[in-house]
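Working notes for the structure below.
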Amino acid sequence: MEAIFKTLAAKGDGLDFVLSDATVDRYGDIIDPNGWDLKAFKKNPIALFGHSNDFPIGTWSNLRVEGGKLIGRLVLATKGTSARIDELINLVEQGILRAVSVGFIPKKWEPLDAKEPYAGQRYLSQELIETSLVSVPANPAALQLAKSMHLSPETMSLAFGEHAEVRRRDVSTPGKSAAKPRTPTQKGTAMSPLTKRIEDAQTNYNAARDAYEAHVGEDDYDLDQAETLQAEMEERSARLESLKTAERSLASRTVPNGGGSKPGAPAVRKPLGIKEREPKAGDLVVRAAVVQLIANVTQRDPLQVLEERYRDHEGTNIFVRAAVDPAKTTVQGWASELIETETVAFLETLRDVSFYPRLAALGANLQFGVGRGQIKVPRRAATPSISGSFVGEGAPIPVRRFGLTSLTLSPHKMGVISYFTKEVAKYSNPQIEGLLRQEIRGDTAEAIDTLLIDNQAGSSIRPAGLLNGVSALTASAAGGWLAVMEDIETLAAPFDTAKAGRSLVLLLNKREARRLGLVPGPDGKLGVLRAILEEAGITPIASTNVPAGRLIMLDAADFATAAGDQPEFDVSEEAVIHAEDTSPQQISTAGSPNAVAAPVISMFQTASVALRMLLDVTWGMRRPGMIQWIDGADWSFTVDTTP
């Protein structure tokens, strides 16, 4: 859970401070004073300045909830500790520094208005992890008084300059209504300033670490709470490292905007305390496409788009950064495992529109991974046999030689292109993700399925289609249930002869799949044929990507596939493409006469953008003869109306 910071321009006597109350803050949130858990904080109640561990200025005592307020007394450090701390103490004693910021981990909350669950929240239970004194630079009288004290420039900058810009969630002065947050502007660079966010992340990590250490220091600490705090600490640490990596990567890409360009829109953050919806399997691939597409349309660095749209989701950050900087995918235990898993998950999302993932799941489904150019899949040779035999007493036992060959799977680039109008960049995250998910899934499914079951020979460009070198068997002309039975028997007989068929799969068009249930069986009942198929151990897989009338039976136990570690996305606004999904051609081919492909679409002329995805995919059969097919199957039937 993310630590939350609230600032209050405190009212109190002397060094007594009101740390928090139940007023509505500028973001419309309310903290219930009765929900404070102070147990862990009281074990080490350090008072900091500006949430900085480098500037402890004392401790807090007599922390309590009283009169609907969280109250504490500030016990300042002894003067002489350091010159900087002495000057800060002087500001406190003069009544100039009176604002207090509390950091807490929310445990229980609810929306103030059930009709607007993402608006203001009421925090019902929260654990205090940090309390700091902060500046209120908007008060000109306090600033003028501080200047008259002749403080050092460093202290003035610390108290009224640097921390005046820290982005904190503020609790308004009691009695004031919540003000609308002003939109921040960007100056000097085209990138968002990460330095301050890194400082905030460091502070959050330190607070989470201290809370964990304080909790496990108790003799009777709660194990579940300890695990929660440990997970929070690890999440904060990963977040901090991610931001540092982003800063290093963006440093070489930062360019001045000359002050003439419009400032970029501020990043939209999810409301604090609201858990972000976790992406579904394969969504990170779609998000990588979103980032590349928006970056091209808006002429920005992909990492800026990532920071703006997905800054709070660590998995998205890792996956997309690996796409931008592929070298990062070699880091074991960080990006490589996530990327391989997510790519497989993306292919799995094609199940409802493609037969490839369903078929691949029944066979050997492998991954090329990083640095692997080929995969050798072992397979049994047809001869010799290693079957044993009975022997008599004292007779020699036959020695059999085990024969093995191998199937070599080499990566082949599978590519699909989808194009959209440039207005796609105006969509919100859910809208654009949904659009790209639908288009990429549809295009990818059709591309893979079509190539998988064609009869083209393999080459350095593509793997061989499963029907390459396999002659079609003759379809039955009997019609009705008899045609179904005869066609299935025709397809299965070669597997019986080869003593194969451990995992038989029947690929068929949805028309034939529908007729399996609609054609009456020998007994005149519907659905009998499908039941017979299942009892025979044959798994039907229906898809519109299988041509109507074509039946393909294969032993999935001998089917092997392999996919690359990550899709590659490229975007173009100037490309001219042949808008053909079945047999794309060169835009023009010299000859007599010259040939020009049609239809041809210019991305520039139509204000469109083309998104290309490349993914290493390949397949093969481990043994020959493990696939049979029929073309022109006729499973239609006529109703006998003879009285």
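What follows is calculated from the coordinates using simple rules that are stated; it is not laboratory data. Remember, predicted model here, so these are calculated numbers, not experimental data. Virtual Cβ from ideal backbone geometry, glycine too; neighbours counted across all protein chains shown.
So here's what we get for this one:
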{"quantity": "For region 468-567, diffusion coefficient by Stokes-Einstein and Kirkwood Rh (Cα), 25 °C, 0.890 mPa s, µm²/s", "calculated": "167"}
{"quantity": "Computed lengthening from LEU482 to LYS108, 0.36 nm per intervening residue step minus Cα-Cα distance", "calculated": "128.1 nm"}
{"quantity": "Average Cα contact separation per residue, region 437-595, under 8 Å, 6 or more apart, as relative contact order %", "calculated": "19"}
{"quantity": "Extension gain, SER460 back to LYS525 (0.36 nm per residue minus Cα-Cα distance, nm)", "calculated": "18.3 nm"}
{"quantity": "Sorted peptide list for 498-510, 609-621, 214-226, criterion being average Cβ within 10 angstrom, highest first", "calculated": "609-621, 498-510, 214-226"}
{"quantity": "Chain lengthening between THR421 and LYS244 when straightened (0.36 nm per residue, less Cα-Cα)", "calculated": "60.2 nm"}
{"quantity": "Residue pairs, from the table LYS107/LYS196; LYS115/LYS422; LYS43/LYS107; LYS42/LYS107; LYS42/LYS69; LYS42/LYS108, whose Cα atoms sit over 24 Å apart", "calculated": "LYS107/LYS196; LYS115/LYS422"}
